[in-house]
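Notes follow the structure.
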Amino acid sequence: MEANRFPEFDIGEVKTPSFVIDEGLLEENLKVLWNVKQLSGAKILLALKAYSAFSTFPLIRRYLDGVCASSLHEARLGHEEFGKEVVVAAPAYTEHDIKELLKYSTSIIFNSFNQFKKYKKTVLGHGIECGIRINPEYSEAPVPLYNPCAPNSRLGVTIKNFEEDSLEGISGLHFHALCEKGADALERVLKAAEEKFGKYFSRMKWINFGGGHHITKEGYDIKLLCRLIKSFKNKYGVNVYLEPGEAVALDAGFLVASVVDIVHNGMDIAILDTSAETHMPDVLSMPYTPEIIGAKIASNRTKEDKKKFPYVYRLGGLTCLAGDVIGDYAFPEKLRIGSKIVFTDMAIYSMVKATTFNGVNLPSIALYRPKIGKIKIVRKFGYEDFKNRLS
Ligand SMILES: Cc1ncc(COP(=O)(O)O)c(C=O)c1O
């Protein structure tokens, strides 16, 4: 896959390592999502687990209906920084979680009838809506790590365990079964969900279709998505929620790094001031090879590319982990110490997952505002951020 959106900012200006969020690109995504809301009548929430860069929430808030939080801290962030609907869905809640969540949530989705029954009175007593996560037992997630409907999954109530006599106080049902998928996959998930749980849908106020909808990806069939939502809403008389994370900030952020050293062991290896393990962990866990502006993934080169991009380097990270390797890339020119490397699509599942393993410092976070034409650093990290996680 080629990087299809390029940063407008001057890379020379960026101190590395930094995540740079391009608010112009982010807004392009938000306009697509706004259009889906207008055409389908669905509500769209930002899944904070994918993207929680709250300095951009004033922009996102103009387009989306709220956030979906998967923990107490995300719910609090959503309440304090986003301020619209805060829909919480986690695999389980402690009593402490629920007590605190009462301050921040507009609805709480339970992963079992056990938990719903335990907290129902308290939650409903605070005017907060309750939902149940269902498991349609059908998914097209690409890998088991990201398949919530795999056999023996702990996520969602299966039809076998569904307690139809315990639905009083439940306003909605929620399922999440997709990962980077098109509307055609949603159509198949909906079919499975309807076959199993369809008879309960019209008793609900809302049905939440979860995340994993690649709505802002080129080629996504928005017409089909809107058709599916509209006919679902009409058929069951419910509101529909989508809670994408990835689609909100897809291709809207970059990780800018520099070459710190170049070593040789059977090939040229550039060591960067970033790290797959600490700054872009999905590269290792998914796994995948991110795109770099102005370079090719070495194994993807055509004959023609091999002439244009002859210099191959393995790009490795700063940690001691042997496998802290981002990938093998081909460049048009030799890399030098200080050369800048720009990884694309680094706004999602990166800042939220970054760690300080090995004491590696976190990248700064910067915003690029096209209207001003300038990059503004909104967060810098240092020794205290490493130390404060430990004791
Ligand atoms: C329950 C739930 N909702 C929403 C999302 C967001 O998914 P995505 O970022 O793929 O759109 C996830 C991702 O894991 C999820 O588990």
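The values are calculated or read from the model by the stated rules, or taken from the named source; none is laboratory data. Note that the structure is predicted; figures quoted are calculated from it, not measured. Note that we place each Cβ from the backbone using ideal geometry, even for glycine, and neighbour counts take in every protein chain shown. The accessibility values were calculated without ligands, DNA or RNA, using every heavy atom of the protein model including side chains. Shrake-Rupley method; radii C 1.70, N 1.55, O 1.52, S 1.80 Å.
Per residue, the accessible area of the range 91-198 comes to 48 Å², computed with a 1.4 Å probe over protein heavy atoms only. When only the Cβ of Lys, Arg, Asp and Glu is charged (+1, +1, -1, -1), the dipole of the range 16-100 relative to its Cα centre reaches about 260 debye. A simple spin-label model places pseudo-atoms 7 Å from Cα toward Cβ; at residue 55 and residue 293 they are separated by 1.8 nm.
Here residue 15 and residue 167 are evaluated by their C-beta separation; at R0 = 56 Å the FRET efficiency comes out at 0.55. As a rough guide to protection, the peptides 341-353, 88-100 ranked by mean Cβ packing within 10 Å, highest first, stand as 341-353, 88-100. Would you please give the FRET efficiency between residue 35 and residue 8, computed as 1/(1 + (r/R0)^6) with r the Cβ-Cβ distance and R0 = 25 Å, to the nearest 0.05? About 0.65, to the nearest 0.05. Accessible area per residue for the range 286-391, computed on protein heavy atoms with a 1.4 Å probe, is 58 Å².
Structure remark: mean-square fluctuation, Gaussian network model of the chain, C-alpha springs under 10 Å; the largest value among 46, 155, 224 belongs to 224.
At a 1.4 Å probe radius, carbon and sulfur cover how many percent of the accessible area of the chain? Using a 1.4 Å probe with all protein chains present, the chain comes out at 50 percent carbon and sulfur. Applying the criteria of a DSSP loop state and at most 11 other Cβ atoms within 10 Å to the GluC sites (Glu not before Pro) of the range 118-198 yields 168. Applying 1/(1 + (r/R0)^6) with r as the Cβ-Cβ distance of residue 358 and residue 306 and R0 = 51 angstrom yields a FRET efficiency of 0.90. Counting only DSSP beta bridges with both residues in the chain, the antiparallel share comes to about 40 percent. Over the chain, Cα pairs under 8 Å with separation of 6+ residues give a relative contact order of 20 percent. Close amide H pairs (under 5 Å, H built 1.01 Å from N) link residue 177 with 211, residues at least 5 positions away or on another chain.
Taking a straight Cα-Cα cut-off under 16 Å and skipping sequence neighbours fewer than 8 places away in the same chain, the aspartates and glutamates within cross-link reach of residue 223 are 184, 187. Within straight-line reach of residue 217, meaning a Cα separation under 12 Å, sit the following aspartates and glutamates at least 8 residues removed in sequence or on another chain: 28, 180, 246, 251, 345.
Rounded to the nearest whole Hz, the Karplus-based 3J(HN,Hα) values (6.51 cos²θ - 1.76 cosθ + 1.60, θ = phi - 60°) of the range 324-332 follow the sequence 6, 10, 8, x, 9, 10, 10, 10, x, with x at glycine and proline. Residues considered: 178, 284, 33. Largest GNM mean-square fluctuation over the chain, using C-alpha springs under 10 Å, is found at 284. Count Lys and Arg as plus one, Asp and Glu as minus one, and take only other residues whose Cβ is under 12 Å from that of residue 53; the net charge is then -2. Couplings 3J(HN,Hα) for the range 45-62, derived from phi with the Karplus relation 6.51 cos²θ - 1.76 cosθ + 1.60 (θ = phi - 60°), are 10, 7, 7, 5, 4, 8, 7, 10, 6, 6, 5, 9, 4, x, 6, 5, 4, 5 Hz, where x marks Gly and Pro.
When the Cα gyration tensor is reduced to axis lengths a ≥ b ≥ c, the ratio a/c is 1.5 or higher for the chain, and with a/b above b/c it is classed as prolate. Rounded to the nearest 20, the size of the Cβ-charge dipole of the range 41-249 about its Cα centre is 440 debye, with Lys and Arg at +1 and Asp and Glu at -1. Helical runs (DSSP H, four residues minimum) scored at -39500 (n - 2.57) apiece and divided by the length of the chain put the mean residue ellipticity at 222 nm at -8000 deg cm²/dmol. Under 5 Å from the amide H of residue 133 lie the amide H atoms of 110, 111, 112, 157, 174, each residue being 5 or more positions distant or on a separate chain, with H modelled from the backbone and absent for Pro and chain starts. Straight-line cross-link partners of residue 103 among the lysines, defined as a Cα under 26 Å from its Cα and at least 8 positions apart when in the same chain: 43, 49, 84, 117, 118, 120, 121, 205, 353. In this simple spin-label model, placing a label point 7 Å from the Cα along the Cα-to-Cβ direction at both residue 160 and residue 103 gives a separation of 4.1 nm.
Note on the chain: with charges restricted to the Cβ of Lys and Arg (+1) and Asp and Glu (-1), its dipole about the Cα centre is near 720 debye. Potential lengthening of the chain between residue 385 and residue 71 amounts to 110.9 nm, from the contour at 0.36 nm per residue minus the alpha-carbon distance.
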